[in-house]
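One structure is given below, encoded as structure tokens.
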Amino acid sequence: MPLLNFLKPENLLEEGGRSAAPIQSDAGEPEKNCPNCHKDIPLSRLWANQLVCPCGYHFRMKARHRISTVTDKNSYCELFSNIKSCNPLDFPGYEDKLDTVKTASEEEEAVICGTAMIGKQKCCIFVMESYFMMGSMGSAVGEKITSLFEYAIKHRLPVIGFTVSGGARMQEGLLSLMQMAKTSAAVKRHSDVGLLYVAVLTDPTTGGVTASFAMEADIILAEPGATVGFAGKRVIEQTTRQTLPKEFQSAEFVLEHGFIDKIVVRKEQKKFLAELLKMHNGGQKL
Amino acid sequence: MSQIPYDRVKLARDSKRPTGQDYIKNIFKNFIEFHGDRRYADDKAIMGGIAWLDGSPVTVIAIEKGHTSNERVERNFGAPHPEGYRKALRLMKQAEKFGRPIICFIDTSGAYCGIGAEERGQGQAIAENLMEMSTLCVPVLSILIGEGGSGGALALAVADRVWMLKNAVYSVISPEGCASILWKDSSKADVAAESLKLTAEDAKSLGVVDRILAEDDIGKKEYFERIHSLLIDEVNSLSKDPELLQKRYDRFRRIGMVKVEQII
Ligand SMILES: [Zn+2]
């Protein structure tokens with residue numbers, strides 16, 4: 001398998017490709033260094049290209065930014081934003097941590113969800129937030145996602161979900177673990193009434209989220225180069241005393257092993273999701 | 001001497017504790033073991049099959065750690081691969097087909113963290129169990145007999161009743177793992193064990209566990225007889241419940257604690 005499949009020509013976003021990509025150096029403009037091609041890319045240029053480097057590397061994207069790129073303009077209507085984390089176990093330092101990440105992420109929780117139109121078709125959508133404790137799943141994330149699937153059942157809507165998660169939120173102990181069962185049961189009910197669920201796995205999707213709703217969709221997509229796995233690489237290296245190949249747990253790796261349907265580059269996602277919804281009669285059985 | 005939560009972790013891991021196999025042998029009659037996930041392999045970390053419980057056939061699934069060091073290596077220390085979870089699901093689906101109640105014994109530090117396990121979809125295997133167990137239309141009862149290590153334990157515990165031995169632990173992460181991630185210091189495992197609320201009493205107060213089983217006489221004849229008769233009663237009452245699936249859904253639906261702000 002090629003080391004970095006996302007460099008394949010079909011995924012290139014600009015003429016010229018990786019080596020030739022001419023990066024303008026606008027003097028003084030803030031830049032971001034790309035971990036793949038190691039070039040400094042002007043931020044304005046990255047933003048214009050949905051945070052994808054000319055070399056094809058997909059930078060992490062904030063949840064709200066993502067919603068604006070995949071849903072029809074002004075169609076997103078947020079739900080369950082009143083559900084928030086507390087510190088149920090009195091875990092040391094958790095409240096301070098929550099305060100800090102709220103400021104840093106400008107979000108109240110590690111997932112946002114609601115209804116939206118994609119290609120003029122109504123759906124439920126959830127997007128996890130990497131800037132909020134790396135999208136870790138605690139009670140509030142579980143409650144919001146479960147509520148969204150229940151809402152989707154009630155209104156007979158498909159669900160589109162963008163996952164990003166370091167796993168369960170350990171500061172909520174067993175309560176966070178149980179969210180895996182709770183969300184899975186809601187996904188099952190949604191599936192059993194014949195409704196469509198599409199998951200888009202973004203970097204990184206790991207741990208308890210991989211082992212629950214990320215892997216339970218009818219159609220599972222991923223962004224190029226995204227880490228997708230259950231156990232963390234460091235833990236695996238410690239357990240097996242082996243060095244892992246670079247492509248281990250990449251989206252390309254899980255595609256090759258048969259666990260996702262397709263890798264879709266960011267700029268194609270909206271069109272692709274709209275087409276999927278259309279081919280599923282707006283997300284339900286004919 | 002007062003016991004701290006980390007002492008419970010050590011007790012839960014004690015290799016002298018009865019393992020899954022001991023429960024199967026001492027509680028059920030004529031256990032017939034079935035093997036394989038029909039996809040790739042037979043995972044020896046999980047045993048499964050059918051047996052008699054008081055004259056009725058039941059499906060029994062148990063994570064087995066083994067006692068001796070040879071056994072423990074053979075059983076991969078009770079850390080299942082995806083094939084173990086897929087075998088368990090296959091047997092549970094079979095139980096559903098033939099109307100047999102399902103009883104699971106759980107004792108694992110967690111699903112195995114290895115290269116093959118990832119290549120063959122450890123996350124997907126656990127996810128599928130969580131999803132499918134939520135609607136199995138036969139009674140499901142799970143007992144945590146030692147370590148309840150995260151998703152690898154939960155994958156056999158989406159049940160109508162979850163019981164837990166007094167000195168078993170149930171946690172989202174090992175206390176060592178938690179301490180090393182949060183405080184970069186695995187020697188603070190005792191603090192983590194305290195903070196994670198992983199004891200049977202904690203699990204019960206969080207609504208995760210329904211019943212705590214005393215274990216003063218663990219391993220003795222009376223001990224297994226007591227569990228045997230508790231199981232008979234519980235399976236009988238669950239079998240008669242027409243609301244079984246809705247109650248199972250609600251059981252997990254209500255777990256979690258959040259702050260709900262009024263929308264003005
Ligand atoms: Zn680049």
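Below is a table of values for the structure above.
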read-out: Some residue of the stretch A:17-30 being assigned to a loop (DSSP other than H, G, I, E, B), modelled with pLDDT under 95 and either within 11 Å of the ligand (Cβ to nearest atom) or closer than 30 Å to A:H155 by Cβ (or both); value: yes
read-out: Residue match in the stretch B:103-114 (condition: within 10 Å of another protein chain (Cβ to nearest Cβ) and among the aromatic types (F, W, Y)); value: yes
read-out: Hey, B:F34 touching a Leu at 6+ places or on another chain (Cβ under 7 Å) and farther than 14 Å from B:I103 by Cα or not; value: yes
read-out: Hits in the stretch A:151-176 - residues which are within 7 Å of another protein chain (Cβ to nearest Cβ) and under 20 Å from A:V127 (Cα atoms); value: A:A168, A:S176
read-out: Residues satisfying the stated conditions in the stretch A:46-92, i.e. over 24 Å from A:M117 (Cα atoms) and open to solvent by 50 Å² or more (accessible area, probe 1.4 Å); value: A:Y57, A:D90, A:P92
read-out: From A:G173, A:G229, A:G258, residue being small (G, A, S) and surrounded by fewer than 24 Cβ atoms within 10 Å (Cβ to Cβ); value: A:G258
read-out: Residue count, the stretch A:90-118 (criterion: more than 9 Å from every other protein chain (Cβ to nearest Cβ), farther than 16 Å from B:E261 by Cα and of a type in the set (D, E)); value: 4
read-out: Criterion: within 14 Å of chain B (Cβ to nearest Cβ) and without any contact (Cβ under 8 Å) to a residue 40 or more places away in the chain - qualifying residue of A:N82, A:N87, A:N74; value: A:N82
read-out: Wholly enclosed helices (runs of 4 or more DSSP H) of the stretch A:188-286 bearing at least 2 residues under 18 Å from the mean Cα position of the chain (by Cα); value: A:207-210, A:251-256, A:266-279
read-out: Close pairs (8 angstrom Cβ cut-off, 6 or more residues apart or separate chains): within 14 Å of another protein chain (Cβ to nearest Cβ) in the stretch A:27-40, open to solvent by 80 Å² or more (accessible area, probe 1.4 Å) and more than 10 Å from the ligand (Cβ to nearest atom) anywhere; value: none
read-out: Selected residue (criterion: farthest from the other protein chains (Cβ to nearest Cβ)) from residues of the stretch B:196-211 that are open to solvent by less than 10 Å² (accessible area, probe 1.4 Å) and of a type in the set (G, A, S); value: B:A200
read-out: Residues (in a strand (DSSP E or B) and at pLDDT below 95) located in the stretch B:54-96; value: none
read-out: Failed item in (1) of a type in the set (G, A, S); (2) surrounded by 24 or more Cβ atoms within 10 Å (Cβ to Cβ); (3) modelled with pLDDT of 95 or more, with A:G167 passing the rest; value: (3)
read-out: Tabulated pairs, the stretch A:207-219, first more than 7 Å from chain B (Cβ to nearest Cβ), second part of a loop (DSSP other than H, G, I, E, B), C-beta under 6 angstrom, 6+ apart or interchain; value: A:G207/A:G167; A:D218/A:L196; A:I219/A:D261
read-out: Single condition A:M137 does not satisfy, out of (1) within 14 Å of another protein chain (Cβ to nearest Cβ); (2) at positive phi; value: (2)
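The values are calculated or read from the model by the stated rules, or taken from the named source; none is laboratory data. Computed from a prediction, not measured in an experiment: that's the story for all the values here. Please note: Cβ atoms are built from the backbone with ideal geometry, for glycine as well, and neighbour counts cover all protein chains shown. Ligands, DNA and RNA are excluded from the accessible area calculation, which covers all protein heavy atoms including side chains. Shrake-Rupley method; radii C 1.70, N 1.55, O 1.52, S 1.80 Å.
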